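J.: There's a structure below that I have some questions on.
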Amino acid sequence: MKTFYVGLGGVALVGAGLIGVQMMKPATVSIPVDVAITVADTAGFQGYVLGSDTAPVTVIEFADYQCPICESFDAVQWPAVYGSLVATGKVRWVYRDFPLDQIHAHTRLASHAAACADDQGLFWQMKQKLYNYQPSWSFGSGQMDKFRDYVKAIGADVDAWQSCMESTKHAGRIQASLEIGNRIGVNSTPNFLIAGRLYPEFMSSDEMVKLVDSIIAARPKAAPAR
Amino acid sequence: MRYRMAAAMLSLFGFLVAVYLYLYKTGRILGLACGTGGCEKVQSSPWSTLLGQPVALYGVLGYLACLGCALVGIQVGGERRHWSDSMLLAGAAAGVAFSGWLTYAEAFLIEAWCRWCVGSAVIISLLLVVAFLNWRSLRPAA
């Protein structure tokens, strides 16, 4: 009988301890999928934009933070694409979320983490962190703790970011981007909408530069000023 | 006696799960260890409250009552049914009915699964089995 009461007391103590630990933990966040999309998520949000508004070509990248090919594009191709096309004013680059929830459990959380960094003008830095460290947060648990570390590393206000995450206020824009992608035929990542045409395959920086240059060359030149 | 002990242990497990869900629902725990996102969806649905109170609170009270009945039975001991054995069986049966309704809501109304709620449903089902075996193994009260 004594053994039973010791066992019962032990279970009660361990259970109370575990609950106590949970009470002291900061919030974990889950980004809702079935969210109401507002005008602010569509007309008010055109994606994360980099480059000149007057660039002759717009490239919209639909990507998923947990997608290995997106990570490869970001690590290997993006520096050259940025240098050759965005920095030179040829391309206005737009990044849009296309979370593949069925196969990537944490991608929507990562999208929201980047969106909250965007509130502080640090989207591109956070995007780079998320792709750089993709293998370390894609599996297992503790994604929020890891994302918080990245936010700290890029110099953002961690408390403001945490509040933004808990509010899940950008869930609508993520869903809106996904639905836009679905409407135009995106079905994998990364996909690129270049000058209004969808290229549903991986593209190297060289291929993209050639393509953009050919689009620019094919356009009628403005008549020289007299 | 061993059925009463098993019932007490199961009631304690159920009580701890229900307390965890209640603390989440009332904002004392900020996130559930869930992984799927289903727990938050279930806990924020209209079916997570009943008569103005979190459903988990009924679980806390129900499991506490079952724990009390099992412990009273252990104290009384003996081969005859005590009122606490009948109360334990009735409580577990009511708990299974309540839990069954919640599981139905998860499957067909909310369309999301909370692993803690499913865990509680399993615990209360086992408790009913144990409470029934306990009740059947005892001679009727004198």
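Every read-out reported here was derived from the displayed coordinates using simple, explicitly stated rules and does not represent laboratory data. Please read these numbers as outputs of a predicted model, since none were measured by experiment. Cβ coordinates were reconstructed from backbone atoms using ideal geometry, including for glycine residues, and neighbour counts include every protein chain displayed.
J.: Against the longest principal axis of chain B, how steep is helix B:55-76, in degrees 0 to 90 to the nearest 10, with axes from Cα atoms?
T.: So the helix axis and the longest Cα principal axis differ by about 20 degrees.
J.: Where does the charge balance sit around A:Phe4 when Lys and Arg score +1, Asp and Glu -1, over other residues with C-beta under 11 Å from its C-beta?
T.: In short, +3.
J.: Springs between alpha-carbon atoms under 10 Å, Gaussian network over chain A: tell me which of A:His170, A:His112, A:His104 tops the mean-square fluctuations.
T.: The residue that fluctuates most here is A:His104.
J.: Starting from the alpha-carbon convex hull of chain A, give the projected area averaged over all orientations, in nm².
T.: 16.6
J.: A:Asp101: net charge of surrounding residues, Cβ under 14 Å, Lys/Arg +1, Asp/Glu -1, itself excluded?
T.: -2
J.: Still on this structure, I have one more. Enter the mean number of other protein chain beta carbons within 10 Å of the beta carbon of each residue in A:4-11, as an integer.
T.: 4
J.: When we measure straight from the Cα of A:Lys210, which lysines land under 26 angstrom away, once same-chain ones fewer than 8 places off are left out?
T.: Filter leaves A:Lys90, A:Lys127, A:Lys221.
J.: Below 8 Å between Cα atoms, with a sequence gap of 6+, how large is the relative contact order for chain B in percent?
T.: Relative contact order comes out at 38 percent.
J.: Calculate the translational D of region B:41-96 in whole µm² s⁻¹ from Stokes-Einstein, where the hydrodynamic radius comes from the Kirkwood formula applied to all Cα pairs, the temperature is 37 °C and the viscosity 0.692 mPa s.
T.: So the translational diffusion coefficient is about 259 µm²/s.
J.: Restricting to the protein assembly as shown, what percent of DSSP beta bridges are antiparallel, rounded to 5?
T.: 60
J.: From the Cα trace of region A:117-226, what convex hull volume per residue do you get, rounded to a whole Å³?
T.: Looking at region A:117-226, the number lands at 189 Å³ per residue.
J.: Now for a separate question. Over chain B, what lengths in whole Å, largest first, do the semi-axes of the equivalent ellipsoid take, defined as the square roots of 5 times the eigenvalues of the alpha-carbon gyration tensor?
T.: 31, 14, 12
J.: How large, in Å, is region A:1-98 by the Kirkwood hydrodynamic radius built from its alpha-carbon pairs?
T.: 18.4
J.: Counting other Cβ atoms within 10 Å, which trypsin sites (Lys or Arg not before Pro) in region B:11-70 have at most 16 and lie in a DSSP loop?
T.: Answer by residue number: B:Arg28.
J.: Taking amide hydrogens as modeled 1.01 Å from N in the peptide plane, which residues meet the under 5 Å criterion relative to A:Thr58, leaving out close sequence neighbours?
T.: Under 5 Å from the amide H of A:Thr58: A:Arg92, A:Ala195.
J.: Can you list, by residue number, the Cys in chain B that have no neighbouring cysteine C-beta under 4.7 Å?
T.: That list is B:Cys66, B:Cys69.
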